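The values are calculated or read from the model by the stated rules, or taken from the named source; none is laboratory data. A quick note: this is a predicted structure, and the numbers were derived from the prediction, not measured. Backbone-built Cβ (ideal geometry, glycine too); neighbour counts: all protein chains shown.
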Amino acid sequence: MADGRTGVHPLSMEEYADARAVELASEGEARFRLLVEHSSDGLYLIAPDGHVSYASPPVERLLGFDRRELTGRHFLDYLHPDDRDHAGWFFADVLSKPGVALRARYRCLHRDGEFRHLEAVGVNRLADAEVAAVVVNFRDVTERRRAEQALVESEDRFRAVFESALVGIVRLDPAGRIADTNRAIVEMFGYQLDELRGRVITDFIHEDEREQAQRDWRELADGGVEHNRAERRIVRRDGNPVWVTLTASMVRDQQGHPRFAIAMLENITERKQTEAALQETNRRLAGWVSELEERRREIALLSEMGDLLRACRSVEEAYGVVEPMARQLFPEESGAISVIGAGSGLVETVAAWGPVHSTSIFSTDDCWALRRGRPHTVDHGERGLVCKHAGELGASASICVPLLAQGELLGVLHLKVGAHGRSFDTRFRFVMTVAEHVSLAIANLKLRETLRSQSIRDPLTGLFNRRYMEESLEREMRRAARGHHPVGIIMLDLDDFKGFNDTHGHDAGDTLLRITATTLQRSVRAEDIACRYGGEEFALILPEASLLDSVGRADAICESVRALAIEHRRQQVTGITISAGVAVYPEHGPTGHAVLRAADAALYQAKIAGRDCVYVNRGGLFVPASSLDGPLS
């Protein structure tokens, strides 16, 4: 029917419906193309036989091929050979399940020759209950797959390093409980992983260091430090400690809250043992160096003491040397050197040092070393036989070493040893060395004194001999010349000594000579010199004695000899007299020999005058001493 106003025939309802359907289909197709062409994903329409009927523009960007190259080709042609079976099963599955979206991953060839990882979603498209095409929407997930693969490889590498690390590694939760460990920790602690998991790590720290370790963990958990490092002792399951270097670091989230901590424990037990051994070696070495230094000092002191003792002229001088040297040799100990008196059983201390001394005079029976003739010791803490002369030792130890030389027992060296310092055996050996030095020095000096005495003294009377008199006379004359003082000389001779010998025998004569010598020694001062000049003749040198003093001394001697009585064969022999001649320096001569000759000449005149008198040269004449006027001293 035509419209009268327009002349156009209106559509029927059926025609209108068909036209509307075409219009809607055209709009849907436009929307579909707009969607797929601007999407980041690629889209295939694949016919039921597997050939691509449509490829969206993004496919060119994803695979590099022109869409026209892909259209009409079987979709499996561009897939990796290893993925084709899987993709075929995927396509068949989509065909068999209408309306169900299925996912799959496979590799598809890119124009550059590489295969790209694709993630696809497939769904079948129905037309009149028949499958018209399979819609496959896919995207390139190559980079994600690489990242996933890298993550897997990284995790594998981490686990490999974690398990194979020589140091122990522990993962801890924020409370310090063990979450995971490597094999080194299991070996180090002696526990299995299941036994360690969930336990607080500080429970395994040695109790002496546990409190500090807990403070370190709290500081780490609270964010006071990013990591801490310390040397700790871990107590193994068997109870043995293991030294470790423990380094802990906390991993936090973006808000700064602790997620977990990683602790690394390196076993340094061997190093610690080596350090301890090295410290012990150093300590011992320092002790050896100190001991060597002490030995060097002692050797130097012993050498110095030996030099000083060799320079001594008498045992008294030697005692004076020993005491100060002993103070240096034994600076922290008390001691003494005691010698046995000649012809007695008494021992007298001649040198002592330190705050506590032994008895100054004691019997040889009071010392076990002198009794036995060998060293006697009382060590620390022992209840040994303590020498009586040592007194109360208390906690001290003592050493007594006899002073022996050439088989002769000279005395004893006694030492109270302190509880500190070198060992008792070391001190004992050193005391023995000192005792040997002192013994040898005393013996040498005594031998020297004996030899000197034999060389300067008359063996019968004990008076100085003529040789010593001549040496002394020259010395006293030089001293008198410097001091401008006189020196008196008295020459004496026993009267009729030959007749005495003939009457009573030579033994009685020797006795008379010894008694006369004793009388002379009692009649002179300490500084005077009494000599046996030869035979029955004697000489006296009187330093600083005037003529009157010398005459007075001669008169006194004559009187003492007159009073002598000698017992011989149970009979008393009396009537012994002596004659004397006196001369004085410088009055009777400028030299000692001149004065001696003057005194001898005066003696000769006394003999001529009838004996038993004293004569002196006075004004060129020999006169009896009794004729001199003036005081006598």
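Yes or no, residue by residue, for (1) in contact with a helix residue (DSSP H, G or I) (Cβ under 7 Å, 6 or more places away or on another chain); (2) assigned by TED's automatic domain parsing to the domain that holds Leu512; (3) buried (at least 17 other Cβ atoms within 10 Å of the Cβ):
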| residue | (1), (2), (3) |
| --- | --- |
| Tyr585 | yes, yes, yes |
| Thr591 | yes, yes, no |
| Val595 | no, yes, yes |
| Ala598 | no, yes, yes |
| Cys613 | yes, yes, yes |
Would you be able to tell me the number of residues in segment 426-482 that are basic (Lys, Arg) and loosely packed, with under 13 Cβ neighbours inside 10 Å? 4
Quickly run through segment 55-75 and pick out the residues that are over 22 Å from Thr142 (Cβ atoms) and either in contact (Cβ under 8 Å) with a residue 40 or more places away in the chain or of a type in the set (Val, Ile, Thr) (or both). Thr71
Taking the stated definitions as given, is Ala565 of a type in the set (Gly, Ala, Ser) and either surrounded by fewer than 15 Cβ atoms within 10 Å (Cβ to Cβ) or modelled with pLDDT under 90 (or both)? yes
Only unsatisfied item for Ala184, checking (1) assigned to a helix (DSSP H, G or I); (2) touching a helix residue (DSSP H, G or I) at 6+ places or on another chain (Cβ under 8 Å), is (2)
Do we have any residue at all in segment 362-373 that's on the phi > 0 side of the Ramachandran plot, without any contact (Cβ under 8 Å) to a residue 60 or more places away in the chain and touching a Pro at 6+ places or on another chain (Cβ under 8 Å)? yes
Going by the structure shown, is Leu102 under 17 Å from Asp41 (Cβ atoms) and not aromatic (Phe, Trp, Tyr)? yes
Scan of segment 359-415 for residues that are of a type in the set (Lys, Arg) and modelled with pLDDT under 85, ordered by number: Arg383, Lys388
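Residue-wise test of (1) surrounded by 15 or more Cβ atoms within 10 Å (Cβ to Cβ); (2) touching a strand residue (DSSP E or B) at 6+ places or on another chain (Cβ under 9 Å).
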{"position": "Val170", "(1), (2)": "yes, yes"}
{"position": "Ala184", "(1), (2)": "yes, yes"}
{"position": "Phe189", "(1), (2)": "yes, yes"}
{"position": "Glu195", "(1), (2)": "no, no"}
{"position": "Ile201", "(1), (2)": "yes, yes"}
{"position": "Phe204", "(1), (2)": "yes, yes"}
{"position": "Glu207", "(1), (2)": "no, yes"}
For segment 336-353, does any single residue satisfy the condition of being part of a loop (DSSP other than H, G, I, E, B) and aliphatic (A, V, I, L, M)? yes
Just to be sure, is Ile608 touching an Asp or Glu at 6+ places or on another chain (Cβ under 9 Å) and either surrounded by fewer than 16 Cβ atoms within 10 Å (Cβ to Cβ) or under 30 Å from Gly505 (Cβ atoms) (or both)? no
Hey, can you tell me all the residues within segment 175-196 that are over 13 Å from Leu265 (Cα atoms) and among the hydroxyl-bearing types (Ser, Thr, Tyr)? Tyr191
If we keep just the residues of segment 233-270 that are in contact with a Phe, Trp or Tyr (Cβ under 8 Å, 6 or more places away or on another chain) and assigned to a loop (DSSP other than H, G, I, E, B), which is surrounded by the fewest Cβ atoms within 10 Å (Cβ to Cβ)? Arg237
Against the conditions (1) closer than 27 Å to Arg553 by Cβ; (2) within 56 Å of the chain's Cα centre (by Cα); (3) at pLDDT 80 or above; (4) not basic (Lys, Arg), where does Ser472 fall short? Just the number, please. (2)
Go through segment 99-115 residue by residue and tally those that are surrounded by fewer than 16 Cβ atoms within 10 Å (Cβ to Cβ), assigned to a loop (DSSP other than H, G, I, E, B) and touching a residue at least 12 places away in the same chain (Cβ under 8 Å). 5
Going by the conditions given, is Arg218 closer than 15 Å to Ser249 by Cα, surrounded by fewer than 17 Cβ atoms within 10 Å (Cβ to Cβ) and within 41 Å of the chain's Cα centre (by Cα)? yes
Boolean, Glu143 is at pLDDT below 70 and among the acidic types (Asp, Glu): no
Where residues in segment 405-440 are among the β-branched types (Val, Ile, Thr) and not in a helix (DSSP H, G or I), which of them is nearest to Trp288 (Cα to Cα)? Val417
Residue identified as in contact with a Pro (Cβ under 8 Å, 6 or more places away or on another chain) and among the hydrophobic types (A, V, I, L, M, F, W, C) among Leu109, Leu118, Leu95: Leu95
